[in-house]
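Report on the structure given below.
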Amino acid sequence: MAPSETAVDEIRQVVGADHVIADPAVLHEYESATFATTQRIPLVVLPGSVEEIQRVLELANRHQLPFYPTSRGRNWGLGSRVPVQDGSCVLDLKRMNRILDFSEEQAHITVEPGVTFQQVADYLAEKKSNLYLSAIGGPPDSSVLANALERGDGAGPLGDRARYCCGLEAVLPTGERVSTGLSALDGSLCGKLALFGLGPAVEGLFFQSNLAIVTRLTVLLARRPPHFQCAGFTVRSEAELIQASAAIRELQQLGVLTDTAYSLINIYRLLSLQARYPWDGEGNPLPSPEQLLEQLPAVLAGVRWAGFIGLYGASPGHARAQRRLLKAALKGKVTKLIVVDSVTAAIASKLRAPLSLLTDVDVEDILHKIYYGSVFLGHPTKLEGFSTYWRKRGPLPETCNPDRDGCGLHWICVALPFDGAHIARTTRIVEEVALAHRLEPMCMYFNMSQWYLKSFIVILFDRDVPEEARAARSCHDEALARLIEAGYSPVRLGIQSMTAIVPDQSHVELLRRLKRLLDPNDILAPGRYDFRHRWGATLR
Ligand SMILES: Cc1cc2nc3c(=O)[nH]c(=O)nc-3n(C[C@H](O)[C@H](O)[C@H](O)COP(=O)(O)OP(=O)(O)OC[C@H]3O[C@@H](n4cnc5c(N)ncnc54)[C@H](O)[C@@H]3O)c2cc1C
């Protein structure tokens, strides 16, 4: 239902007329994601302060207007800025983009919703800080806070972001302001240092939920290692994969490797990060996705997965020991292994011309990706964002914006035990489903801990080709269903998959009761992670 003139006027008085958007052309931009959506957005409101958010929510309750918050709206592959429920207004928090606090000694930074990864990286560089924020593979201009709330993942130390956030401040749907953790206790010196406070951990209610709008949080920062090394290896068979995975897990159990410092990418995903889809001269696709593998550069011939590991050394001796342990552990278990440190990087850089000729790859480019500008060291990257143009024809634009440019993308994120057999099994499921839909099966894996991995399945297509878009959606739905059936539970949902899950009924009932208690008028992001498709009885 469209908001009444009175409601819109009252909202304008709170945030200023310039910060209320009803222009259909702009609303249409907000309604665009990386896959087809039908949700209509009647209004976009951009508050500039916590007080304005509170007052907008009071009006939302009075006028029964649902609002969907976004911090930067770069939730590409999972819905971008599009609300789960049709008819929701968008509360865009990007104007609230201040870094509120930073401590070099205590290694933390406090941000508002609109603060981006690039902004934090630039801020720390300007301060000549010895610290960094673990970066995501996704857009550098996405929100640190929203990424944390989605339990997003960065590369390198402290990458499991939700585990390293403290002192949240949030506004409940009814407009009250609350703080969490030790920052809820007057005068606590550890409000920005400890995730948990005293008593029940209420902050957990604000991650992947629709129970509050988070307006600030503190993120812990990692210390820049004096001796960084990056290892890259390739694997050709499932047997190799299983052995190599066991060896890497053991290194992590022994403390040689840290959480979220290991990523594994299957060959199709690797190709999409290196190049564009090889259309023929007339713009036609290859007869089948498998034919891509026949065009691999010599160095990748027969390769099925490539792994990357960040090693964080405190001294030359420490780094040497890490390298030796890694090489010994992977000996005979992978096809090729290289470890790059500052010395080998400098030599390779000098010899880049002959090396590039010999290996058929751009050595300088690889060095930048895996070493000098490594995401493992907190450098935000545009590389992955541009991979969303994989199946688009024509040159790449200056700025990456898949929503604007008709790039097609669905993400699926699931958890699996840290075990090569499970990696092989999930890859096989994705391969079967994607190849049957004539799409490239793309999988990535990330070590969240020594116990489990997250897999990110990427379905890339051209949104402007209707049959491809239909195939991609069907591929997404089938792959997700088969993964769930096989026990690989989703750890993050897009707006296209909020109803794909059937949680335990007692869990659903608890969430329903919490929602009714905290959001009696159902005005905050209805349908987002609340499993209302299983509620049975209606909210009211
Ligand atoms: C190529 C590519 C690579 C990617 N790599 C990664 C990766 O490595 N790691 C990763 O985690 N993700 C990755 N992503 C997914 C996604 O782009 C990022 O997670 C991105 O950070 C999300 O965008 P955002 O931060 O602008 O969040 P937003 O779009 O602003 O918000 C995300 C969600 O959080 C909710 N939300 C936002 N702000 C608030 C708030 N203040 N209070 C309550 N709820 C709120 C919104 O309702 C929305 O559903 C990748 C995407 C692409 C396309």
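Only the coordinates and a few stated rules stand behind these numbers; no lab work does. Not measured: the values here are computed from a predicted model. Neighbour counts are summed over all protein chains in view; Cβ atoms, including those assigned to glycine, are modelled from backbone coordinates with ideal geometry.
Along the charge dipole of the chain, Cβ charges K/R +1 and D/E -1, which of Asn284, His410, Gly152 sits furthest on the positive end?
After comparing all options, I get Gly152.
Compute the length gained on full extension between Asp362 and Glu478: take 0.36 nm times their separation in residues and subtract their Cα-Cα distance, giving the result in nm to one decimal.
Working it through step by step, the gained length comes to 38.0 nm.
Taking the number of other C-beta atoms within 10 Å as the exposure measure, put Lys333, Lys382 in order starting with the fewest.
By the 10 Å Cβ count, ascending, the order reads Lys382, Lys333.
If you find the alpha carbon centre of segment 1-67 and of segment 69-123, how far apart are they in angstrom?
The two parts, judged by their Cα centres, are 18 Å apart.
To the nearest 20 Debye, how big is the dipole of the chain about its Cα centre, given +1 on the beta carbon of each Lys and Arg and -1 on that of each Asp and Glu?
1380 debye
Evaluate the charge dipole of segment 251-390 about its Cα centre and quote only its size in Debye, nearest 20, assuming +1 on the Cβ of each Lys and Arg and -1 on the Cβ of each Asp and Glu. Please list the in-between numbers first.
On the way: 14 positive and 11 negative charges, 163 e Å.
The dipole of segment 251-390 has a size of about 780 debye.
Please order Trp411, Trp535 by the number of other Cβ within 10 Å, starting at the fewest.
Result, fewest neighbours first: Trp535, Trp411.
Enter the angle in degrees (range 0 to 90, nearest 10) between the Cα long axis of helix 117-126 and the first principal axis of the Cα atoms of the chain, meaning the one along which they spread out most.
In the chain, helix 117-126 runs at an angle near 70 degrees to the longest axis.
For an R0 of 51 angstrom, estimate the FRET efficiency from the Cβ-Cβ distance between Arg223 and Ser4 and round to the nearest 0.05. List each step's numbers first, then the result.
Details: r = 54 Å, r/R0 = 1.05.
For Arg223 and Ser4, the calculated efficiency is 0.40.
Which whole-number percent is the relative contact order of segment 364-510 (Cα, under 8 Å, 6+ apart)?
25 percent.
Taking the Cβ of each residue in Thr38, Thr6, Thr258 as the centre, tally the other Cβ atoms inside 10 Å and list the residues starting with the fewest.
Ordered from fewest to most neighbouring Cβ atoms within 10 Å, Thr38, Thr6, Thr258 come out as Thr38, Thr6, Thr258.
Could you tell me the calculated FRET efficiency between Ala36 and Glu398, based on Cβ-Cβ distance and R0 = 30 angstrom, to the nearest 0.05? Walk me through the intermediate numbers first.
On the way: r = 26 Å, r/R0 = 0.87.
Working from the Cβ atoms, E equals 0.70.
Can you report the principal axis dimensions of the chain using only the alpha carbons, biggest first, rounded to whole angstrom?
Each principal axis gives a Cα extent; for the chain these are 70, 58, 45 Å.
Tell me the label-point distance for the pair Leu286, Ala25, using the 7 Å Cα-to-Cβ offset, in nm and rounded to one decimal.
4.1 nm
Could you grab the relative contact order for segment 99-223? Cα pairs under 8 Å, six or more apart, rounded to a whole percent.
Numbers: 254 pairs, mean separation 37.6, N = 125.
For segment 99-223, the relative contact order is 30 percent.
Which is farthest toward the positive dipole end of the chain among Gln243, Phe67, Pro380, measuring Cα position about the Cα centre, with Cβ charges +1 (Lys, Arg) and -1 (Asp, Glu)?
Highest projection toward the positive end goes to Gln243.
In degrees from 0 to 90, rounded to the nearest 10, what is the angle of the helix 505-518 Cα long axis to the longest principal axis of the chain?
It is inclined by approximately 50 degrees.
Mind putting a number on the dipole of segment 5-92 about its Cα centre? Charges go on the C-beta only, +1 for Lys and Arg and -1 for Asp and Glu, and I need it in Debye to the nearest 20. Could you put the intermediate results ahead of the total?
Numbers: 7 positive and 12 negative charges, 65 e Å.
Its charge dipole is roughly 320 debye.
What number do you get for segment 11-147 when its Cα radius of gyration is normalised by 2.2 N^0.38 Å, N = residues?
1.15
If I fit a long axis through the Cα atoms of helix 316-330 and take the longest principal axis of the Cα atoms of the chain, what angle between them do I get, 0 to 90°, rounded to 10?
The answer is roughly 80 degrees.
Return the distance in nm (one decimal) between the two label points of a simple spin-label model at Leu100 and Ala201, each offset 7 Å from Cα along Cα→Cβ.
2.1 nm
Along Cα→Cβ, 7 Å out, is where each label goes; now give me the distance between the ones at Gln208 and Glu250 in nm to one decimal.
3.2 nm
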